[in-house]
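Engineer: Okay, handing you the structure first.
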Amino acid sequence: MASESNIHRVRIYLNRADQWEGGARYLAILEQLRRSGATGATALHGLVGFGPNQGMGSALAERNDANHPIVIEWLDRIETVRRLLPTLRELLGNDLVTVEKVPIFQATLRTRGPFSGDRGVSDVMRHPPPGVTADTRLEVALAKMARDKIGALPVVTAEWQMVGLLSNRDLAWRAQLRLAPKLLAQLTPAERGEVLADVAQTPVSQVMSADAGSVGLNTAIPQALASMVEWGYPQIPVVDKQGRVVGMLGQNEVLRELLNQANEAESEQVREVGKPTPVHLVMQAAVHQVAISQDLNVALARLLASPERQILVVDDDGRLVGQLSALTALKGLAGEDRAAFLKALCAERPPAASVLPGKQRSFKAILEPNPPTIGPQDRLVDAARSLIEYDVELVAVVNEDSQLLGIIARGGLIRALIQQSE
C-alpha cells in the first residue's frame with residue numbers, strides 16, 4: 001500500500017525542437033539536474049499535443065516534425081525540489097512546470113546530508129532564551145550558566161537587545177576563572193567563595209565579549225553550525241530582525257534535530273543509495289587515557305591535561321574499563337587530596353604528576369565504570385544518540401573485544417555534520 005511521504009513529482013512540458021546553447025534544451029535540463037544532485041529524471045516523448053499557441057506537434061503523423069512534445073518527469077524529496085527548481089529558471093523559460101505530492105509504495109533515493117530539510121534555526125532553537133543584563137554580578141551569571149547547563153550566556157538590555165556574550169572562554173581570559181560553571185556548582189560554599197573571591201562582584205560587562213556574533217531566525221542549520229564552530233562557542237544566540245535575542249542554538253539542539261530527522265527517515269518507505277558514514281571515519285584516534293594500573297597522581301595529571309577534563313581508563317591490554325572526569329574526581333576526593341586537586345584545577349597550567357596527591361595509591365575508588373560506547377561501524381546518528389542519552393561530552397569507540405579505538409566528541413561530531421551538509 002502506498003504511504004504518505006515528502007516525495008514530489010515535477011513535470012516540465014516543452015518541445016523537442018527547443019534549443020539551448022546549440023543542443024536540445026530537454027537534455028540540458030536533465031544534465032543540470034544530474035549535476036546538481038537530483039535523484040533521477042526521465043524525458044518522455046509525447047505522441048501528439050498542443051500548447052497555448054494551438055500549434056499541433058505529432059510524433060506519429062509527422063515523423064519529420066521536430067516540434068513534437070517532450071515531458072520531463074523528476075521525482076525527489078520536496079527539499080531537493082525547492083533547492084534545485086529555482087536554479088533551472090533560465091533554462092525553463094516560459095515552460096509549464098507542475099509540482100505535486102505523490103504517494104510512494106517504495107523508492108530508492110540519492111543519499112542526503114543531515115539537516116537538508118525545510119527546518120531552520122527557528123524550528124530547533126531553545127526558547128525562551130537565558131539572559132542577564134550587563135550590570136549583573138558575575139557570581140549570579142555563573143550560577144545561571146550552571147543551572148541552565150550552558151557554556152555561553154547572552155547579555156541583553158531590558159528589551160532583550162543583545163549587547164554581548166559571556167562564555168567559558170571569556171571567564172578564562174578576562175576573569176582568570178578556569179573552572180567551568182558546572183564544576184563551580186559542585187563546590188562547597190566555602191570553596192566557591194575562595195575561588196570567586198576576586199571576581200564574584202565584578203559586573204558581567206567587564207568580562208563579556210561585546211562583539212560576539214549571532215544568527216538570525218531564518219538561518220539554515222548548517223550555516224549556523226559553521227558559525228558556531230568558527231566562533232568557538234558551544235551555543236550561539238538567535239536574534240530577530242530587531243536584534244532581540246529570541247533563542248539559543250547549541251550542540252544539544254542540533255544533535256536532537258539529527259535524531260528527529262533520522263527517526264523520520266526510518267519511518268519512510270524510501271531507501272537511500274549508499275551507506276551512512278561510519279563512526280571510524282570521523283572518530284578521533286588520539287585519546288587522552290590512562291591505565292588502571294597507574295597511581296592516582298598520574299591519573300589526575302592526565303585528567304588535568306585533557307581539554308575536556310575527562311579521560312578514559314583502560315587495562316594493560318587496552319580494553320576500556322571506565323572513565324575519569326573532573327566532576328567525579330571532585331566528588332570522590334576528600335580532605336587534602338580534594339584541596340590539592342581543586343588548586344590544580346584553578347591553576348593556569350596543569351602541574352606535573354609529582355606534585356599531585358596519590359603517589360603509590362590506586363584511583364579505582366573514583367573511577368566511573370561502564371562509560372557509553374559505540375562500535376567503529378556504527379552510524380554518526382548512533383553517536384549522537386549516545387551523547388544525548390547519557391548527557392556526556394564524548395563517547396568511546398571500541399571493537400568487539402572492548403579495546404579502545406578512539407572517541408567521538410560533541411565538537412568533532414558537529415564538524416563532521418557540517419562537512420556532510422556542504
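Since every read-out is calculated from the coordinates, none of them should be taken as a lab result. Note that the coordinates shown come from a computational prediction; the quantities given were computed from them, not determined experimentally. Cβ placement follows ideal geometry from the backbone for every residue including glycine, while neighbour counts extend to all protein chains displayed.
Engineer: Quick one: if you stick a label point 7 Å off each Cα along the C-beta vector at residue 227 and residue 97, how many nm between them?
Structural biologist: Taking the simple label geometry, residue 227 and residue 97 are separated by 2.9 nm.
Engineer: Based only on the alpha carbon positions, what is the Kirkwood hydrodynamic radius of the chain, in angstrom?
Structural biologist: Computed over the chain, the radius equals 25.5 Å.
Engineer: Counting other C-beta atoms within 10 Å, which of 208, 162 has the fewest, and how do the rest follow?
Structural biologist: 162, 208
Engineer: Separation between the residue 328 and residue 402 pseudo-spin-labels, each 7 Å from Cα along Cα→Cβ, expressed in nm?
Structural biologist: Here the answer is 1.4 nm between the modelled labels.
Engineer: Could you sort the peptides 99-106, 7-14, 130-137 by per-residue average Cβ neighbour count (10 Å cutoff), highest mean leading?
Structural biologist: Packing order, densest peptide first, comes out as 7-14, 130-137, 99-106.
Engineer: Per residue, how big is the convex hull around the C-alpha atoms of region 267-422? Give it to me in cubic angstrom, could you?
Structural biologist: 127
Engineer: Let me ask something else. Given the Cα-Cα distance of residue 285 and residue 174 and 0.36 nm per residue of separation, how much length would full extension add, in nm?
Structural biologist: Here the answer is 36.6 nm.
Engineer: Just from its helices, what would the mean residue ellipticity at 222 nm be for the chain, if runs of 4 or more DSSP H residues each count -39500 (n - 2.57) and the sum is divided by every residue, rounded to the nearest 500 deg cm²/dmol?
Structural biologist: Counting only the DSSP helices, I get -9000 deg cm²/dmol.
Engineer: Also, quick follow-up: Take every Cα pair under 8 Å in region 270-359 that's 6+ residues apart, average their separations, divide by the length, and report that relative contact order as a whole percent.
Structural biologist: Relative contact order for region 270-359 comes out at 29 percent.
Engineer: Suppose each label sits 7 Å from its Cα in the direction of the beta carbon; what would the residue 161-residue 123 distance come out to in nanometres?
Structural biologist: With each label placed 7 Å out from Cα toward Cβ, I get 3.3 nm.
Engineer: Between residue 220 and residue 143, how high is the FRET efficiency from 1/(1 + (r/R0)^6) when r is the Cβ-Cβ distance and R₀ = 35 Å? Nearest 0.05.
Structural biologist: Approximately 0.55, to the nearest 0.05.
Engineer: Between region 363-422 and region 182-226, what is the C-alpha centre distance in whole Å?
Structural biologist: 26
Engineer: While we're on this one: If I take all pairs of Cα atoms in region 121-257, what percentage of them are more than 22 Å from each other?
Structural biologist: Roughly 34 percent, once rounded to a whole number.
Engineer: Run the numbers on the chain and let me know its relative contact order in percent, using alpha-carbon pairs under 8 Å that are six or more apart.
Structural biologist: Reported relative contact order: 15 percent.
Engineer: Determine, from the Cβ-Cβ distance of residue 292 and residue 391 and an R0 of 22 Å, the FRET efficiency 1/(1 + (r/R0)^6), rounded to the nearest 0.05.
Structural biologist: Plugging the Cβ-Cβ distance into 1/(1 + (r/R0)^6) gives 0.35.
Engineer: Fully extended, how many nm does the chain gain between residue 9 and residue 201 (0.36 nm per residue separation, minus their Cα-Cα distance)?
Structural biologist: 62.9 nm
Engineer: Full-extension gain between residue 308 and residue 194, please, as 0.36 nm times their residue separation minus the C-alpha to C-alpha distance.
Structural biologist: Roughly 38.7 nm would be gained on extension.
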